[in-house]
Amino acid sequence: MKISSMNWMQVEDYLKGKDICVIPVGSTEQHAYLSLATDSILAERIAEESADPLGIAVFPVMPYGMTPDFMAYPGTVSLRHDTLAGVFTDILDSLYHHGFRKIFIVNGHGGNMPLEKTVNEWSAANSGSRVCFYNWWREPKTWAKVCEKDPVGSHASWMENFLWTRLEGVNMPEESKPMIDLKKLRGITPAQARELMGDGNWGGEYQKTDDVMTEVWNAAVEEAREVLREFSEQ
């Protein structure tokens, strides 16, 4: 149930029976040979596929996040923490004003994780509200499925390479890339980070078979739906 496919009158009717919604948030940043919108595409799709059978409304994805380390890669857009926190506070204020009280945020980007503190503080300050900040790729069942297929998976590697994040006409390298030393990313400039990361894949194979990716995806959707259902019933 996508908000983009509803008008205000339909939302008003929806709120007569439910006070829950889902907001996906991602990023626009380098993902090696994959779409710059990978994190946004995956967060929005997880949100929609998990919420649709439950009849829960899903708002459009927030496509920008915090990604300063990737600013040497053209196309990357990075927000300051204060900017992203301010935008989300305004979003939550708007939803609360209309009567939404349970807000499930599906996050698709590791750099956005500091936002969880912001939304938790907002919830504590707004009576009757509850917010769940859900990092879909880090959840236990989903991560276990990833590790079952290949324990070496990372940013821009096979574990983000789905049919809907690939680009037409772009071929993937066949080799497995050695994992970079993530500790070396600390305290360096974006240009130095690009020199360290090369094409942007942090390590691992670039692509698995579609059968493998379908298993990973189904595990992720099923887990998100389970958590969302429990959240809606609390």
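Numbers for the structure displayed
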read-out	value
Those residues of segment 72-111 which are within 26 Å of G200 (Cβ to Cβ) and in a strand (DSSP E or B), in sequence order	V77, S78, I105, V106, N107
Filtered residues of segment 1-53 (kept if outside any loop (DSSP other than H, G, I, E, B), among the charged types (D, E, K, R) and over 16 Å from S232 (Cα atoms))	K2, E12, D13, D39, E44, R45
Within segment 19-53, considering residues that are of a type in the set (D, E, K, R) and surrounded by fewer than 22 Cβ atoms within 10 Å (Cβ to Cβ), the one nearest to E168 (Cα to Cα)	R45
Test for F133: is it touching a residue at least 24 places away in the same chain (Cβ under 8 Å), in a helix (DSSP H, G or I), farther than 24 Å from D210 by Cα and among the hydrophobic types (A, V, I, L, M, F, W, C)	no
Matching residues in segment 148-168 - criterion: being free of Cβ contacts under 8 Å to residues at least 40 places away in the same chain, in contact with a helix residue (DSSP H, G or I) (Cβ under 9 Å, 6 or more places away or on another chain) and either among the hydrophobic types (A, V, I, L, M, F, W, C) or outside any helix (DSSP H, G or I) (or both)	none
Residue list for segment 3-51, filter: in contact (Cβ under 8 Å) with a residue 12 or more places away in the chain, more than 17 Å from the chain's Cα centre (by Cα) and over 30 Å from N201 (Cα atoms)	I3, S4, M6, V11, Y14, L15, K18, D19, I20
Leading residue by the ranking (nearest to V170 (Cα to Cα)) among those in segment 54-66 that are in a loop (DSSP other than H, G, I, E, B) and more than 13 Å from the chain's Cα centre (by Cα)	F59
Members of segment 29-59 that are touching a His at 6+ places or on another chain (Cβ under 9 Å), of a type in the set (G, A, S) and over 19 Å from F133 (Cβ atoms)	A32, A37
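Only the coordinates and a few stated rules stand behind these numbers; no lab work does. Nothing here was measured: the structure is a model prediction, and the numbers come from that model. Every residue, glycine as well, gets a Cβ built from its backbone with ideal geometry; the counts of neighbours run over all protein chains shown.
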